[in-house]
1. Can you pull out every residue in the range 177-232 that is open to solvent by less than 40 Å² (accessible area, probe 1.4 Å) and within 18 Å of the chain's Cα centre (by Cα)?
2. Go through the range 137-158 and report how many residues are in contact with a strand residue (DSSP E or B) (Cβ under 8 Å, 6 or more places away or on another chain) and either outside the structural domain of A107 (by TED's automatic domain parsing) or open to solvent by 30 Å² or more (accessible area, probe 1.4 Å) (or both).
3. Being in a loop (DSSP other than H, G, I, E, B) and polar (S, T, N, Q) is the filter here, so list the residues in the range 114-139 that pass it.
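The values are calculated or read from the model by the stated rules, or taken from the named source; none is laboratory data. None of the values given here were measured: they were computed from a predicted structure. Reconstructed Cβ throughout: ideal geometry from the backbone, glycine too, with neighbour counts over all protein chains shown. Accessible surface areas use protein heavy atoms only, side chains included; no ligands, DNA or RNA. Shrake-Rupley method; radii C 1.70, N 1.55, O 1.52, S 1.80 Å.
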Amino acid sequence: MKTGVIGLGAMGSGMALNLHKAGHLQGVWNRTRGKAQEIAEQTGTVLFQSPAELASGCELILLCVSRDADVLEMVEQVAPTATAGTIVVDTSTVSNATAQRAAGILAEKNVAFLDCPVSGGVEGARKGTLAMMVGGDAEVLAKAEDTLRAIAATVTLIGSTGSGQACKAVNQIMCAGVNQAVTEALAFGEAMGLDMNKVVDVVAKGAAGNWFLDHRGKTMLVDDNDTGFKLNLHHKDLTICKDMIRDLDKFTLPLVDTTLKQYEELMEQGYGDEDISALYRLKRP
Ligand code: NAP
């Protein structure tokens, strides 16, 4: 499908390049124009002047912006010019309520919406190997799936609109736990005076091995937290998880509460734009 990408940050730029390789990319738009210009030049695709112009020239509109308000702002801007039958795919991580609001705004124009948050990090976006969790209509997904396969190795329909985001919330809580486990365990190893490169290599091969240890274990040891998933975005996601359980009686998320407090401490110290492995700064001996 002729696809336009809105939001060319750490994730969106990789997705746009993979859509181009698969022959689907029609053009791009980004709030900071330079990033869009670079990708449009690199791919020879259209540099759209506005989200509205992009919407009028594409059959599939892929969003990858930061927060709930940003998604709704983009949806408001594409809705008037998108033609009936267009599909808006939101890969940002936002609340299930935002997905439902976005779908409602677009439905008035007969434009379809799928909430399609992804997991797999910046590396997964670059390689086109993301895991995508979809909320929405199966028939709409069937039309978009071939295009979405250019960016995701796994595309799983979870259920109705918003359920993709609810599944992503499960993923984000688990990521907080993995971050807590890896940073605390490596801090313990460092306190024991171990050769930490050897520790990461061998532990990664056993039962405690995991994606985060493989991709961030060695970099966090040397305070290299530049690339990856911004801590302030994970803070946003965990806040969404807390909002989602507000009406559930006696259901708590102690791991999320602890992680939110520690992230806030790091954000106050100016580390909000670092990868979430910056949590190691609080744990190291
Ligand atoms: P990022 O590098 O900070 O990029 C954010 C993008 O959103 C930029 O293109 C930014 O434009 C755009 N944006 C923000 N507010 C906007 C607004 N009001 N109007 C228009 N554009 C706006 O973030 P990212 O890591 O790519 O993450 C994007 C989304 O994917 C987030 O929801 C995040 O939670 C989710 N996610 C991230 C990862 C990861 O590992 N990084 C993994 C899975 C999911 P500018 O260039 O102008 O700032």
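1. The answer is G177, N179, F212, R216, N225, G228, L231, N232.
2. To start, the set of residues in the range 137-158 that are in contact with a strand residue (DSSP E or B) (Cβ under 8 Å, 6 or more places away or on another chain) comprises 137-138, 140-141, 143-145, 147-149, 151-158.
So of that shortlist, the ones also either outside the structural domain of A107 (by TED's automatic domain parsing) or open to solvent by 30 Å² or more (accessible area, probe 1.4 Å) (or both) come out as 137-138, 143, 145, 149, 153-154, 156-158.
Looking only at that region, the number is 10.
3. Within the range 114-139, the first condition is being in a loop (DSSP other than H, G, I, E, B), and the residues that meet it are 116-117, 120, 128-129, 136-137.
Answer for the range 114-139, where residues must be in a loop (DSSP other than H, G, I, E, B) and polar (S, T, N, Q): just T129.
For (1) touching an Asp or Glu at 6+ places or on another chain (Cβ under 9 Å); (2) open to solvent by 20 Å² or more (accessible area, probe 1.4 Å); (3) in the same structural domain as A150 (by TED's automatic domain parsing), each residue gets a yes or a no:
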position: A36; (1), (2), (3): no, no, yes
position: T45; (1), (2), (3): no, yes, yes
position: A55; (1), (2), (3): no, no, yes
position: C58; (1), (2), (3): no, no, yes
position: V65; (1), (2), (3): yes, yes, yes
position: P80; (1), (2), (3): no, yes, yes
position: G85; (1), (2), (3): yes, yes, yes
position: V94; (1), (2), (3): yes, no, yes
position: A99; (1), (2), (3): yes, no, yes
